[in-house]
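First up is the structure itself, then whatever we jot down about it.
The values are calculated or read from the model by the stated rules, or taken from the named source; none is laboratory data. Predicted model only: the values in this text are computed from it and were never measured. Cβ sites come from the backbone with ideal geometry, for glycine too, and all protein chains shown count toward neighbours. The protein model used for the area step is the full one, side chains on, heavy atoms only, and it has no ligands, DNA or RNA in it. Shrake-Rupley method; radii C 1.70, N 1.55, O 1.52, S 1.80 Å.
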Amino acid sequence: WKAADLYGNLGMPEKALEIYGQYARQTALDGGVSAHAAMAEAYRKLGDREGYLRAARQYVDAVAADGKASSPGERGVAEYYRGELLLESDPDASYAAYERAAALITDRNRLAEVYLRMAEARREKGDLEGAAALAEKSAGLLPDETWKLLQTGDFLLGLDRAEEAREYFRRALDR
């Protein structure tokens, strides 16, 4: 398991996926829940949307099968992945899943990502003000993280809010 993380951190996601897959097959106690989450992230890093969504679905299914035995954090991540699965087809249901995730997730990095995905769902519905507010809320969770400032600036730029985006880019450059 740790070897897979190491390969992922070294920029070798294909090797990490191979090890995560082995781990998922060998893990009977949690139904491979943690391995499915790790596989989803490895597929995301590879840019393989289909693999990402497949692993996300496996995670959601594994947590659902586990029922109340799953931790609140695991249920929150399952709701996050549920939101991912619904984002393109049903932005309202996706947003609701992200809201449930936000109520359960305590990890600030993951929560910041949830808020950014909620912003994307609002953008899909045409609620640009709501989208901008959620993107800024995402950045507010990690105000000293350069990557989060750049991500928020990029999102605001996509909403044609160049002045606000410029401020986030400026803050990122000052780090």
Quiz item: Out of curiosity, is L111 under 28 Å from E18 (Cα atoms), at pLDDT below 90 and open to solvent by less than 40 Å² (accessible area, probe 1.4 Å)?
Solution: no
Quiz prompt | Looking only at the stretch 145-175, and only at residues there that are over 19 Å from A131 (Cβ atoms) and of a type outside the set (A, V, I, L, M), the one that is surrounded by the fewest Cβ atoms within 10 Å (Cβ to Cβ) | solution = D174
Quiz item: For the stretch 160-175, what are the residues that are under 18 Å from R117 (Cα atoms) and at pLDDT below 90?
Solution: none
Quiz item: Out of all the residues in the stretch 132-152, which are touching an Asp or Glu at 6+ places or on another chain (Cβ under 8 Å) and small (G, A, S)?
Solution: A132, S138
Quiz prompt | Residue check, L142 surrounded by 17 or more Cβ atoms within 10 Å (Cβ to Cβ) and either among the hydroxyl-bearing types (S, T, Y) or more than 14 Å from E120 (Cα to Cα) (or both) | solution = yes
